[in-house]
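Take a look at the structure below.
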Amino acid sequence: MPKPVIVGAARTAIGRSFKGALVNTPAETLATAILPEVVRRAGIDPTSVDDVIFAESHYGGGDLARYAAVAAGMESVPGQAVNRHCAGSLTAIGNASAQVGYGMERVVVAGGVQSLSTGPAMKWRIPGPELEFKDGWMPPSHPETPDAPTLDMSITVGWNTAKAIGISRAEMDVWALRSHQRAIAAIDGGKFVDEILPLKIELPDGTVVDFSVDEHPRRDSSLERLSALPVLHPEIEGFSITAGNSSGVNDAAAAVVVVGEDHAAAEGLEVLGTVKAWAASAVAPRDTGLGAVAVIGKVLERAGLRAGDVDLWEINEAFCSVPIAAVREYGIGEERVNFSGSGASLGHPIAASGARMVTTLLYELKRRGGGIGVAAMCAGGGQGGAVVIEV
């Protein structure tokens, strides 16, 4: 069976939802931009693509992958929508790798797209004799319990993880500050230039600009400012989660092209990395943040690796308690984790974050001469997702 390899990877810059450069850019536009770009970077004929798999979250149940394929002139290419909440695009890459690795497909584009700025506002019909609707409804990721509210990740991910592992607010604030500092250093050092597809964006005032720099990292972040932020639930004794040690609310798209190793050799395609393993796992919804910890163990076992074998890690900062918990569990050196920032600084465009993480790992490992990278994250409802690559 052919090994799945990645021959193209790209992402957009990450915008701040509702107030950033992408506020008026629909997910369809982001999807239609990233698909042909990653195909171009792979050096393949668009007609050779067998399928497109895009994660989408809170987008009304459409199929952005098929929309993008048609809009890009790839009418013979089907599209598949994936939803595993935050881990959706990691699952998309895993699904693509399985298709290619089992010889069912030769070329699959996988990734994710998120536009919270333009996502639909849903409503739900209240069961009963009358046609009454509840506005502002969101589908629950799990049955609600007092310790696992369905619409408050600051509790199920951030706070419950901090309590379970014994992580202080000071530790989370220090992690958040370092995340911003690393993201700013990566931007200033030009690290993201190769992976980002610049977009021409029309701003609300009609001005057209080139959008090519992540806009969520804060240059003025400091420990003093982070420490002064109010907690999100002051009514809960000891609550330690703030806007500063949480991820952003963001828009972006990211994708990779997965092919078989034999197909890459036959077509003379440059291999960016090999997909060694992928996994999903689950824990109780109240322990959602620990989903990242659980899935790391599972994916390492599948890859035949130990934590010490991994050169670089991307562990999404949905809340800063999550990567801290993983670092403690597996004895990982913090210098190898989120080396160019993560959710707290770069932002967390839900469905796109996993593919963004894999893309950043590919380019950084190449700069360092190769190695093994792991992208892992928790996901709504107590889930986790992870992918292991080797460059």
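Miscellaneous remarks
- Residues that are open to solvent by 20 Å² or more (accessible area, probe 1.4 Å) and in contact with a strand residue (DSSP E or B) (Cβ under 6 Å, 6 or more places away or on another chain), drawn from the stretch 45-68: Ser48, Asp50, Asp63, Arg66
- Hits in the stretch 364-391 - residues which are outside any strand (DSSP E or B) and among the charged types (D, E, K, R): Glu364, Lys366, Arg367, Arg368
- Tabulated pairs, the stretch 60-89, first under 16 Å from Val38 (Cα atoms), second among the acidic types (Asp, Glu) and buried (at least 21 other Cβ atoms within 10 Å of the Cβ), C-beta under 7 angstrom, 6+ apart or interchain: Leu64/Glu56; Val77/Asp51
For (1) within 20 Å of the chain's Cα centre (by Cα); (2) assigned to a loop (DSSP other than H, G, I, E, B), each residue gets a yes or a no:
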{"position": "Gly119", "(1), (2)": "yes, yes"}
{"position": "Trp124", "(1), (2)": "no, no"}
{"position": "Ser154", "(1), (2)": "yes, no"}
{"position": "His180", "(1), (2)": "yes, no"}
{"position": "Ala185", "(1), (2)": "no, no"}
{"position": "Phe192", "(1), (2)": "yes, yes"}
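- Just one residue in the set Ile350, Ile315 is open to solvent by less than 20 Å² (accessible area, probe 1.4 Å), in contact with a Ser or Thr (Cβ under 9 Å, 6 or more places away or on another chain), aliphatic (A, V, I, L, M) and under 26 Å from Val38 (Cα atoms); that residue is Ile315.
- Of the set (1) free of Cβ contacts under 8 Å to residues at least 60 places away in the same chain; (2) closer than 28 Å to Ile14 by Cα; (3) among the hydrophobic types (A, V, I, L, M, F, W, C), all apply to Trp124 but (2).
- Checking each residue in the stretch 237-252 for being open to solvent by 10 Å² or more (accessible area, probe 1.4 Å) and among the acidic types (Asp, Glu) picks out only Glu237.
- Among the residues of the stretch 318-347, those identified as in a helix (DSSP H, G or I) and surrounded by fewer than 23 Cβ atoms within 10 Å (Cβ to Cβ) are Val327, Arg328, Glu329, Tyr330, Glu334, Glu335, Arg336.
- Enumeration of residues in the stretch 323-349 that are aliphatic (A, V, I, L, M), closer than 18 Å to Ala183 by Cα and in contact with a strand residue (DSSP E or B) (Cβ under 6 Å, 6 or more places away or on another chain): Val337
- Number of residues in the stretch 262-292 that are open to solvent by less than 20 Å² (accessible area, probe 1.4 Å) and either assigned to a helix (DSSP H, G or I) or of a type in the set (Asp, Glu) (or both): the value is 5.
The values are calculated or read from the model by the stated rules, or taken from the named source; none is laboratory data. This structure is a prediction, so every number in the text was calculated from the model and none was measured. No Cβ is skipped: glycine too gets one built from the backbone with ideal geometry, and neighbour counts run over all protein chains shown. Side chains are part of the model used for accessible areas, which takes the heavy atoms of the whole protein and leaves out ligands, DNA and RNA. Shrake-Rupley method; radii C 1.70, N 1.55, O 1.52, S 1.80 Å.
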